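Novice: First the structure, then my questions, so here it is.
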Amino acid sequence: MDRRAVLVTLLVGLVLTVTGCTIVPEPSEMPAEPLPAPPASPPTRLADLPANAPDLVKLPNGFAPEGLAIGPGPTGYLGDRANGAIYRVDLATGRGMVLSPPTGRGVQGLKLNRDRLYAAGADTGDARVYDLGTGRLLVSLPLVKQPNKDTMVNDVLLTEDAWWLTESHGNVLYRVGLPPDGALPTQRDVRAVPLTGDFHPRPGTNANGIAPTPDGKGLLVMQSNTGRLLRVDPDTGRATGVDLGGATLPDGDGLLLEGQTLYVALNDGNAVAAIQLDATAGKGRLTRRITDPRFDKPTTLAAVGDRIYLPQARFDAPTTPATAYTVIAVRPAK
């Protein structure tokens, strides 16, 4: 290597060190297949939003939201819990379009990786993968053998090698192994992980929101009907209550982990709880509650720029073609 090449290499390394940037290929340069395993936390916080981006996004009337995934950049994807439609919205402008039409099969939690959208199948008891560009259903994996009116496959987490889903009316988590070559998972990759230890199922919504622990070695699961946050061993399913110093999280729903801060959407509380956790999530401290007068049963959370976006489920409102629904953005740093 000649001196000029060495100098260029050193300058590039210096720029990357100072800016903290990571260079990745543009989406058009990324191969369509195979896909790598999904990362634990997509870097949506790195995206920029214009100063005039709306903090209230109107959804089509009658579109009853539950899950929300954001990326690449300030693009949001929402699922209709009633009819299974998927809506794509530019959070910088508030303009959107229906990506996948209604199917009559509801959609709950959503997460994305590269060009795929991973969804929880609500009362149909399945796990689904959609094409992020076209909205086409790529695969549907049955999780619950005999779904009934009490079935609720609810929320989703992607880790490096697995796709986790909660079942709110049962006593299990579902783990779907993600093939290392990026191929779509199959039924052979599905495994039920029974919840034990401090998890005690009760009537109503049990396991709901799910997130990784700060050290990446465990799972955090919100048991909504007890208001208790649980740390779950992913190998055994054994749950241990996170010591919050006596604080509870009634009607806790979706979870968003950022560093060692866990944000919890509180449905009936119309608030977001901020919890400062230790690295293992053995202990935590409720540091603040974020409220907004426009909240109406927030369900889940996804972040971009300096904002956290929350779909408003309006569970107490009748679900009709005329019912208005929104997504509200808050700035937790303020």
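Novice: Show the residue pairs meeting these rules: Cβ distance below 6 Å; 6+ apart or different chains; first residue within the range 180-207 and at pLDDT below 95; second residue part of a loop (DSSP other than H, G, I, E, B) and among the hydrophobic types (A, V, I, L, M, F, W, C).
Specialist: Once the first residue is at pLDDT below 95 and sits in the range 180-207, its partners that are part of a loop (DSSP other than H, G, I, E, B) and among the hydrophobic types (A, V, I, L, M, F, W, C) give Gly182/Leu35.
Novice: Go through (1) assigned to a loop (DSSP other than H, G, I, E, B); (2) exposed (fewer than 15 other Cβ atoms within 10 Å of the Cβ) for Arg188 and report which single condition fails.
Specialist: Arg188 satisfies every listed condition except (1).
Residue by residue, here is whether (1) open to solvent by 10 Å² or more (accessible area, probe 1.4 Å); (2) out of contact with any strand residue (DSSP E or B) (no Cβ under 9 Å at 6 or more places or on another chain) holds:
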| site | (1), (2) |
| --- | --- |
| Ala279 | yes, yes |
| Lys297 | yes, no |
| Tyr309 | no, no |
| Asp316 | yes, yes |
| Thr319 | yes, yes |
| Ala324 | yes, no |
| Val327 | no, no |
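Novice: Related question: Name every residue in the range 106-121 that is modelled with pLDDT under 95 and either open to solvent by 30 Å² or more (accessible area, probe 1.4 Å) or in contact with a helix residue (DSSP H, G or I) (Cβ under 8 Å, 6 or more places away or on another chain) (or both), in order of residue number.
Specialist: If the condition is that a residue be modelled with pLDDT under 95 and either open to solvent by 30 Å² or more (accessible area, probe 1.4 Å) or in contact with a helix residue (DSSP H, G or I) (Cβ under 8 Å, 6 or more places away or on another chain) (or both), then Arg114, Asp115 are the ones that fit.
Novice: Before we move on, is Val98 over 19 Å from the mean Cα position of the chain (by Cα), part of a strand (DSSP E or B) and either crowded, with 18+ Cβ neighbours inside 10 Å or at pLDDT 95 or above (or both)?
Specialist: Answer is yes for this residue.
Novice: Separate question: Of Thr134, Thr93, Thr124, Thr151, which residue is more than 19 Å from the chain's Cα centre (by Cα), on the phi < 0 side of the Ramachandran plot and open to solvent by less than 20 Å² (accessible area, probe 1.4 Å)?
Specialist: Thr151
Novice: In addition: Take the residues of the range 211-228 that are in a strand (DSSP E or B) and in contact (Cβ under 8 Å) with a residue 60 or more places away in the chain: which is farthest from Gly170 (Cα to Cα)?
Specialist: Pro212
Novice: Restricting to the range 253-296, name every residue that is among the β-branched types (Val, Ile, Thr) and within 12 Å of Pro212 (Cα to Cα).
Specialist: Those that are among the β-branched types (Val, Ile, Thr) and within 12 Å of Pro212 (Cα to Cα): Thr261, Thr280.
Novice: Here's something else I'd like to know. Please return the ranges of strands (runs of 3 or more DSSP E) entirely within the range 234-334 where 2 or more residues are hydrophobic (A, V, I, L, M, F, W, C) and free of Cβ contacts under 8 Å to residues at least 40 places away in the same chain.
Specialist: In the range 234-334, 271-277 are the strands (runs of 3 or more DSSP E) which contain 2 or more residues that are hydrophobic (A, V, I, L, M, F, W, C) and free of Cβ contacts under 8 Å to residues at least 40 places away in the same chain.
The values are calculated or read from the model by the stated rules, or taken from the named source; none is laboratory data. What you are looking at is a predicted structure, and each value in this text was computed from that prediction instead of being measured. Note: ideal-geometry Cβ built from the backbone for every residue, glycine included; neighbour counts use all protein chains shown. SASA here: full protein model, heavy atoms, side chains in, ligands and nucleic acids out. Shrake-Rupley method; radii C 1.70, N 1.55, O 1.52, S 1.80 Å.
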